[in-house]
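This report refers to the structure that appears directly beneath it.
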Amino acid sequence: MPAKKQPKKKQSSGSNPKSKRKPAVLKKSAAKQSLLHELELRDILFSSLAQATRELLLNPDWSTAMGNGLRLLGEATKVDRVYLFENNPAKKGEELTTSQRFEWNSGTALPQINNPDLQNLPYFLVKESYELLRLNRPFVQIVSKMDRDSSFKKILEDEDIKSVLLFPIFVSDHFWGFIGFDECKYEREWSDIEFSVLSSYSATISGAINRKQIEKKIETALQQALESEQRFRTLQQASFGGIGLHDKGVIIDCNQGLSDLTGYSYEELIGFNGLQLIPPEHRKFVMDKIVSGYDQPYDIECLRKDGTRFALEVHGKSIPYMGKMIRVTEFRDVTERKEAEEKIREQNTRLLDIANDLKRKNDQLEEFAQIVSHNLRAPIGNILSLISFYEETDKGEEREEYFGLLKASSHAVNNTFHELVEVLKIRQNINIERQTLSFEATLDKIKKMFAAKINESQAVIKSEFQVISINYPNIYLESIFLNLLSNSLKYRKKNVTPLIIFKTYQEEGDIILELSDNGLGIDLDKYGHQVFKLNKTFHLHAEARGIGLFITKNQVEAMGGEIKVFSKTNEGVTFVINFNKNAHS
Amino acid sequence: MRTPDRKPVIALVDDDSIFRLIASRTIQGANITERILQFTNGGEALEYLEGNSGQLDLLPDVLFLDINMPYVDGWMFLDDFEKIKSKLGKPISIFMVSSSLDPEDVNRAKQHKLVNDYVVKPVSKETFAKLVGMAA
């Protein structure tokens, strides 16, 4: 039981030392004394309030500040107990309860801070106070005057409380709790000044709690921001490539990956124009992608700090950031992928080359089969027939005739056979010795060989050799010039001065020889498939034997080149030889 | 259509003069005709056919065509013949004659709608007689 003994004479720190122990109830008759007393009391109260307020404002430790504040006010008002209750959070429909958080005790009353009844105390047990407090109004009560059935009265009486004063604490228009004063010594009436000081302190507490809550919110928000930042960093660093945030190229932030890729440090990269990571020739392309908001991955070259380059895949996306659109861009080193692609391409090219080579070889085999079929079998068939004619006749005259034909047929077989062997030699002998040959000198030599025919036809032969020489087998180059020139002289138009032009030039690194004339030309629609075949002629011309172009084609192809013909009837002919066409494989 | 008592006119189109000589003597030996026309290439033959269209006595009934010839070869002849055959006034049976055993040539000839058959050189008397008999 709390003792009913007189409160100890006790000076509150910093309060007026002259303040003395006074009778509990002021007598109205002693007005003057009362006035003095009230002034003194006011002094003490104000000074205590000031200190208690300062505590709440300046002491960073909320518990100490509250403890000190309650003590200061308790001592100044000479009550027996000062305490702070905080309402417990209640869901809708749940009973509102309140718990005691702090208590100061004069020593007269029993401390209640450990009283379990004062934790989670339902307001319906103290409903007289609740009805006022929740409306932000104080509750002032002489306990003996309370309704006898009141549960609240019983609680107060159990603690020997004679007089009670409660001030609500509202934080942000929300009923947070209350601060209370107990008087156990007598049935105390509260003076206006006490009333307003306590009221003021409750407002200070409310402000402090509000501030504390805001600080807490800020702290939580900061913490969350920090964690979010941390998470972002972790994600960024965990990424296998580089990630950068940039505003029209200027890097706002990036991860370590981008540093690793580019060789620039993080510090160097921030504020850096990311376009400088791209070689100058690709910058416009990349800037167009940025400006247009392109959001698909694309490949580009990247320029490292040390000037080296590598294959980069860029994947950018525009996102809103602090009121404007910026780009998040992912950078990925795709050197390996590129190399793999390159390898596949190379292998593909090689396979194509092999396929082309096989096709050429197959074409050649077919060509040989054709030659054997037509050019060798035909005269042999004739020989067989002539032999049986020879045997069947007795007439010497006829026999002589057949013998002559037999001789001619054998010569034909022999000629074809020699030509075939010559072509086979050309095809086999791909390692024939090459030497540096001047086109001009070769042409001059061939012109001398044809001097008589050139003179007779009055042919004009011109040359424009942009490429002056070539590394080639001498006899082949001479043979090519010979066959082309011979062809043009042979198929000239009557009554037109033949004009024959030889040219050489480079095309994609290949050396090209071109011959064009103003002769009869060839109807390629009709004869295109036969131009380079053995023993094919397209003109009813005495000298046409059809061997020259066949040899030329074989020589050119054996050396890795290609020959093409362009012509129309009566519009001359153009032969184009690419010496290197198939030499790359 | 020729009357049964008249012997057919036969044309040889081949650039090989020795083959033409052998073939004409063989045909004569078979006693199947008295009239053999000779052309050294497809162009010459076409010129003759066009120039004598309607003159049934002058046009051949059977034509032996070589494949491999300079200028207009056997295939080109067939392309051009297709265009003029309706103007000739007389059907002409065409046999392709070649030394080639190349299946590409053989199949192409056998599948050609204008070609009656494909014959490999050398051609015997009996074969000539049989082919001309087939065309009759």
Considering amide H positions built from the backbone, and no H for Pro or chain starts, which residues 5 or more places from A:ARG101, or on another chain, come under 5 Å of its amide H? A:LEU84, A:PHE85, A:GLU86
Whole-Hz couplings from phi, Karplus 6.51/-1.76/1.60, listed for segment A:328-344; x for Gly and Pro: 9, 10, 9, 10, 10, 6, 10, 3, 4, 4, 4, 5, 4, 4, 4, 4, 4
Two pseudo-spin positions, 7 Å from Cα along C-beta at A:LEU58 and at A:ASP299, lie apart in nanometres by 7.2 nm
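Hey, any idea what Rg/Rh is for chain A, computing Rh the Kirkwood way over Cα pairs?
1.58
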Once amide H atoms are placed 1.01 Å from N in the peptide plane, what residues at a sequence separation of 5 or more from B:VAL72, or on another chain, have their amide H within under 5 Å of its amide H? B:GLY42, B:GLY43
So, for segment A:31-215, what is the accessible surface per residue at a probe of 1.4 Å, expressed in square angstrom? 48 Å²
Rounded to the nearest Å, the spacing of the alpha-carbon centers of segment B:74-136 and segment A:131-204 is 132 Å
Rounded if a/c under 1.5, otherwise prolate or oblate - segment B:9-135, Cα gyration tensor axes: rounded
Chain B: calculated mean residue ellipticity at 222 nm from DSSP helix runs of at least 4, using -39500 (n - 2.57): -13500 deg cm²/dmol
Can you figure out the FRET efficiency of A:ILE193 with A:SER228, using R₀ = 60 Å and their beta-carbon distance, to the nearest 0.05? 0.70
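Mind checking segment A:381-476 for GluC sites (Glu not before Pro) that DSSP puts in a loop (not H, G, I, E or B) and that have at most 12 other Cβ atoms within 10 Å? Working shown, then result.
Numbers: sites: A:GLU391, A:GLU392, A:GLU397, A:GLU398, A:GLU400, A:GLU401, A:GLU419, A:GLU422, A:GLU433, A:GLU440, A:GLU456, A:GLU464; in loops: A:GLU433.
Of the GluC sites (Glu not before Pro), the ones in loops of segment A:381-476 whose Cβ has at most 12 other Cβ atoms within 10 Å are A:GLU433.
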Shielding by partners for B:16-23, please: the mean number of other protein chain Cβ atoms within 10 Å of each residue's Cβ. 6
To the nearest 0.05, what FRET efficiency results for A:LYS284 and A:GLU339 with a Förster distance of 22 Å applied to their C-beta separation? 0.25
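Please figure out what share of the DSSP beta bridges in the protein assembly as shown is antiparallel and state it in percent, rounded to the nearest 5. Before the final figure, lay out each step's value.
On the way: 77 of 102 bridges.
Counting DSSP beta bridges with both partners in the protein assembly as shown, the antiparallel share is about 75 percent.
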List residues of segment A:375-397, by number, whose backbone nitrogen lies under 17 Å from a label position 7 Å along Cα→C-beta of A:ALA408. A:378-390, A:397
Tell me, what ³J(HN,Hα) does each residue in segment A:382-388 have, in order and in whole Hz, if you take phi through Karplus 6.51 cos²θ - 1.76 cosθ + 1.60 with θ = phi - 60° and put x for Gly and Pro? 4, 4, 4, 5, 5, 5, 5
Here, B:ARG108 and A:PHE566, labelled 7 Å along Cα→Cβ, have an inter-label distance in nm of 2.7 nm
So, with points 7 Å from each Cα along the Cβ direction, the A:THR308-B:LYS125 label distance in nm works out to 9.0 nm
Computed, not fitted: 222 nm per-residue ellipticity of chain A from DSSP H runs ≥ 4 (each -39500 (n - 2.57)), nearest 500, equal to -15000 deg cm²/dmol
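Pairs of alpha-carbon atoms within less than 8 angstrom and 6+ residues apart define the contacts here; what relative contact order does segment B:1-130 have, in percent? Working shown, then result.
Details: 207 pairs, mean separation 33.3, N = 130.
After rounding, I find 26 percent.
Figure the gain on full extension for A:SER469 and A:GLU267 (residue separation times 0.36 nm, minus the Cα-Cα span) and round it to one decimal in nm. Mind showing how you got there, number by number?
On the way: separation 202, 0.36 × 202 = 72.72 nm, distance 5.81 nm.
The span from A:SER469 to A:GLU267 would gain 66.9 nm if fully extended.
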Taking Cα pairs under 8 Å and at least six residues apart, what relative contact order does chain A come out at, in percent? 6 percent
Lysine pairs with alpha-carbon atoms under 24 Å apart, segment A:289-373, spacing 8 or more or separate chains: 7
Long-range amide H contacts for A:SER469: which residues qualify at under 5 Å (H placed 1.01 Å from N, peptide plane, sequence gap of 5 or more or a different chain)? A:PHE439
When the Karplus curve 6.51 cos²θ - 1.76 cosθ + 1.60 is applied with θ = phi - 60°, which whole-Hz ³J(HN,Hα) does each residue of segment A:252-258 get, with x for Gly and Pro? 8, 7, 7, 9, 4, x, 5
Could you name the aspartates and glutamates whose alpha carbon sits less than 12 Å from that of A:LYS162, not counting residues in the same chain fewer than 8 places away? A:ASP80, A:ASP182, A:GLU183, A:GLU187, A:GLU189
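The values are calculated or read from the model by the stated rules, or taken from the named source; none is laboratory data. This one's a predicted model, so the numbers in the text were calculated from it and none came from an experiment. Virtual Cβ from ideal backbone geometry, glycine too; neighbours counted across all protein chains shown. Accessible surface areas use protein heavy atoms only, side chains included; no ligands, DNA or RNA. Shrake-Rupley method; radii C 1.70, N 1.55, O 1.52, S 1.80 Å.
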